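What follows is calculated from the coordinates using simple rules that are stated; it is not laboratory data. What you are looking at is a predicted structure, and each value in this text was computed from that prediction instead of being measured. Ideal geometry is used to build each Cβ from the backbone, glycine not excepted, and the neighbour counts take in all protein chains shown.
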Amino acid sequence: MINDNLGELIKERRQTLGMTQEEFCERANISTAFLSSVENGKRNMSLTTFCSIVKALEMRPESFFKPVHSDDPSIAVRLPFGRSKDEMLEEIMKHLDDMPREKIAVFHHLIRTLK
């Protein structure tokens, strides 16, 4: 699961690197209004934008994820428990078939970082 305080983590890291919002946005290729909304927890982002932000922060994507425990009842609905590995892989392949090459590359990068 992604951390609930993603915006705070982004802001904290950006400030640790000594970057203003303007400097960071130029590096991440996003607008300052968008960054402000993300840092204040008012907006979500696409996977592509997430990867751009992570790269600009000089971090790895997995740094923003917290461990998921299968006995946590709050996530039981969101995780595909009871489905076989083959079933999940088949569904992933169906999604990938419909994706443009650029998004598949982002997905590939994310999977490699989670190994």
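Quick notes
- Converting the Cα gyration tensor eigenvalues of the stretch 1-67 into ellipsoid dimensions via √(5λ) gives semi-axes, longest first, of 17, 13, 11 Å.
- Label-point separation in nm, Asp98 to Leu110, each point 7 Å along Cα→Cβ: 1.5
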